[in-house]
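One structure is given below, encoded as structure tokens.
Values in this text are rule-based calculations from the coordinates and carry no lab data. Here the structure is a predicted model, which is why all the values come from computation and not from measurement. So basically every Cβ, Gly included, is an ideal-geometry build from the backbone, and we count neighbours across all protein chains shown.
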Amino acid sequence: MRKIILFFSLFMFFNLSAQKKMKDYSEIMRSKSIYEINAFLRDAHPDDPRRSVLKPRIMEMIRDYIKTAHPADPRVKSLQEMLATLKRRPSTKISFDEMNAIIKQKQIAKYKEALAKNLNPATMAPVTITAEPVTAAVPGQRASSAAPSTPTFVAMPSAEEDEFKMLINESPEAHKQKTVQLLNKLFDSDPSSRESIILIQNKSDCNIIVRIEGAGNTKYRLAVAAHNENSIVVTKGDYLFTSIVCGAQYASQKTVQKAIMVGLSNPGSK
């Protein structure tokens, strides 16, 4: 009898302790804290109606913070990573398998960095990234010429297509200036240089615009034609890379301290 009483006493104690540790989100709609709202999105039920209000709010709060932050602010990188994840997913919550995959990718990146000998783009190991496919049916899709199981890709929106044409058809003077800047950076071996090169390889079947946003008002746009590549010189720092690749959202945080190469492929490709 004593054992039974002791068992129930311990059960009630741990149950009450667990309840105390549970977070109280009753006032979450009034919250102005990025980290508190992020915690709610990670913990809340997928069908919780408050998600539809709080997710756009936290994304706007992060953008506002980054816009006014100092380039050396250590929180910028983590907030860019958070924003990149929220662009692709309902929350920043990840599974055990995803965590293992992230650790593996970081180890691979560490080994690649150790093997890199210089900033010559020819020696940079390419990183191929597949944009996440869109799940909603969108009018104006164009299907590839493969079997019926082949994914269909969404054409570039007209507004973005006009922007792409404007960026890709730069004036001869702007093209010359960009070429000189790239050549100077290619032959610049000074490690204290404040700038570095980003090379984007577009392996997809669609024209894209890659948007590169850093702290403050640091923003770059790079148009890359389908199955082509393009380069840009940027100030070293932490950046959020975003693009729409054949209708699929791509978003990733990257720290640019030396020349990097990013490859973007068709949604769903291996």
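Run the simple label-point estimate for R63 and H175 please: 7 Å along Cα→C-beta, distance reported in nm.
Computed distance between label sites R63 and H175 equals 3.3 nm.
Report, in listed order, any pair from K32/K77; K93/K236; K32/K165; K55/K219; K55/K185; K32/K258 with a Cα-Cα distance greater than 32 Å.
Values: K32/K77 20 Å; K93/K236 29 Å; K32/K165 40 Å; K55/K219 23 Å; K55/K185 40 Å; K32/K258 36 Å.
Over 32 Å Cα-Cα: K32/K165; K55/K185; K32/K258.
Over what distance in Å are the Cα centres of the range 27-46 and the range 210-234 separated?
Rounded to whole Å, the Cα centres lie 32 Å apart.
Put a dot 7 Å past each Cα toward the Cβ at K32 and D205; how far apart are the dots in nm?
Using points 7 Å along Cα→Cβ, the separation is 5.0 nm.
With label points built 7 Å along Cα→Cβ from the Cα atoms of N184 and T92, find their separation and express it in nm.
That separation, rounded to one decimal, is 3.8 nm.
If r is the Cβ-Cβ distance from K23 to E160 and R0 is 45 Å, what FRET efficiency results, to the nearest 0.05? Numbers along the way, then the final one.
Numbers: r = 40 Å, r/R0 = 0.89.
The value I calculate is 0.70.
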